[in-house]
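Asker: Here it is: the structure, laid out below.
The values are calculated or read from the model by the stated rules, or taken from the named source; none is laboratory data. Computed from a predicted model, the values in this text were never measured in an experiment. Cβ atoms come from the backbone with ideal geometry, glycine included; neighbour counts cover every protein chain shown.
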Amino acid sequence: MSDEREILTYPLFGQAARELARTIADDSYEPDIILSIARGGLFVAGALGYALDVKNLHVMNVEFYEGVGRTLEVPVMLPPLPNAVDFSEKRILVADDVADTGKTLKLVHDFCAERAAEVRSAVIYEKPSSLVKCEYVWRRTDRWINFPWSVEPPVVEHERQVRDA
């Protein structure tokens with residue numbers, strides 16, 4: 001992986017989300033549910049939900065990254081898990097910010113595939129090393145990505161540092 005980074009700003013994210021939605025619409029895919037992989041996928045799912053006029057959004061919490069380049073051995077689904085009844089015979093669009101290793105997307109895709117009529121994935125970025133090749137991708141890169149929602153430290157952490165100084 002290169003030391004250079006992809007820089008995604010909020011305005012560029014807005015453009016990326018609209019272009020990604022246009023790609024999905026042009027493919028005539030009409031999901032019944034958009035399933036976001038929290039946390040980065042929340043932004044993508046919300047934007048796609050509005051752009052595709054899908055109001056049925058679900059969240060799946062998966063823990064994998066511990067920091068830049070540091071992951072757990074395998075991704076872990078965190079409760080609560082979506083109810084299988086919610087997915088029965090539905091077309092699901094899994095939304096995330098990046099398909100990096102693809103392990104998280106594969107875990108969620110496999111979970112949904114056993115319960116739904118059809119599952120497709122949409123991401124802002126996909127890396128060449130991803131196990132999952134997403135149906136809908138805004139941009140492919142092998143660089144580390146600075147997302148606007150995760151480049152700054154948490155506000156509470158900053159407040160603690162100031163308070164404790």
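Asker: Quick one: count up the residues across region 92-108 that are surrounded by 24 or more Cβ atoms within 10 Å (Cβ to Cβ), polar (S, T, N, Q) and without any contact (Cβ under 8 Å) to a residue 60 or more places away in the chain.
Answerer: 0
Here's the yes/no breakdown for (1) at pLDDT 90 or above; (2) more than 26 Å from residue 15 (Cα to Cα); (3) more than 16 Å from the chain's Cα centre (by Cα):
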| site | (1), (2), (3) |
| --- | --- |
| 33 | yes, no, no |
| 37 | yes, no, no |
| 55 | yes, no, yes |
| 64 | no, yes, no |
| 104 | yes, no, no |
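Asker: In contact with an Asp or Glu (Cβ under 7 Å, 6 or more places away or on another chain) and at pLDDT 95 or above: is that true of residue 44 in this structure?
Answerer: Answer is yes for this residue.
Asker: Considering region 10-32 alone, what residues qualify as being assigned to a loop (DSSP other than H, G, I, E, B), in contact with a strand residue (DSSP E or B) (Cβ under 9 Å, 6 or more places away or on another chain) and among the hydroxyl-bearing types (Ser, Thr, Tyr)?
Answerer: The one that is assigned to a loop (DSSP other than H, G, I, E, B), in contact with a strand residue (DSSP E or B) (Cβ under 9 Å, 6 or more places away or on another chain) and among the hydroxyl-bearing types (Ser, Thr, Tyr): 29.
Asker: OK, next. Quick one: residue 115 ticks every box in (1) in a loop (DSSP other than H, G, I, E, B); (2) of a type outside the set (Gly, Ala, Ser); (3) touching a Cys at 6+ places or on another chain (Cβ under 7 Å) except a single one, so which number is it?
Answerer: Tallying (1) in a loop (DSSP other than H, G, I, E, B); (2) of a type outside the set (Gly, Ala, Ser); (3) touching a Cys at 6+ places or on another chain (Cβ under 7 Å), residue 115 fails exactly one: (3).
Asker: Taking residue 25, is it closer than 15 Å to residue 123 by Cβ and either at pLDDT 95 or above or surrounded by fewer than 14 Cβ atoms within 10 Å (Cβ to Cβ) (or both)?
Answerer: For residue 25, the condition - closer than 15 Å to residue 123 by Cβ and either at pLDDT 95 or above or surrounded by fewer than 14 Cβ atoms within 10 Å (Cβ to Cβ) (or both) - is not met.
Asker: Another question, if that's okay. Looking at region 117-129, which of the residues that are touching a strand residue (DSSP E or B) at 6+ places or on another chain (Cβ under 8 Å) and surrounded by fewer than 22 Cβ atoms within 10 Å (Cβ to Cβ) is nearest to residue 41 (Cα to Cα)?
Answerer: Taking the candidates together, the pick is 120.
Asker: Answer yes or no as to whether residue 95 is at pLDDT 70 or above and in a helix (DSSP H, G or I).
Answerer: No: the conditions fail for residue 95.
Asker: Within region 140-155, which residues are outside any loop (DSSP other than H, G, I, E, B) and surrounded by 16 or more Cβ atoms within 10 Å (Cβ to Cβ)?
Answerer: 144, 145
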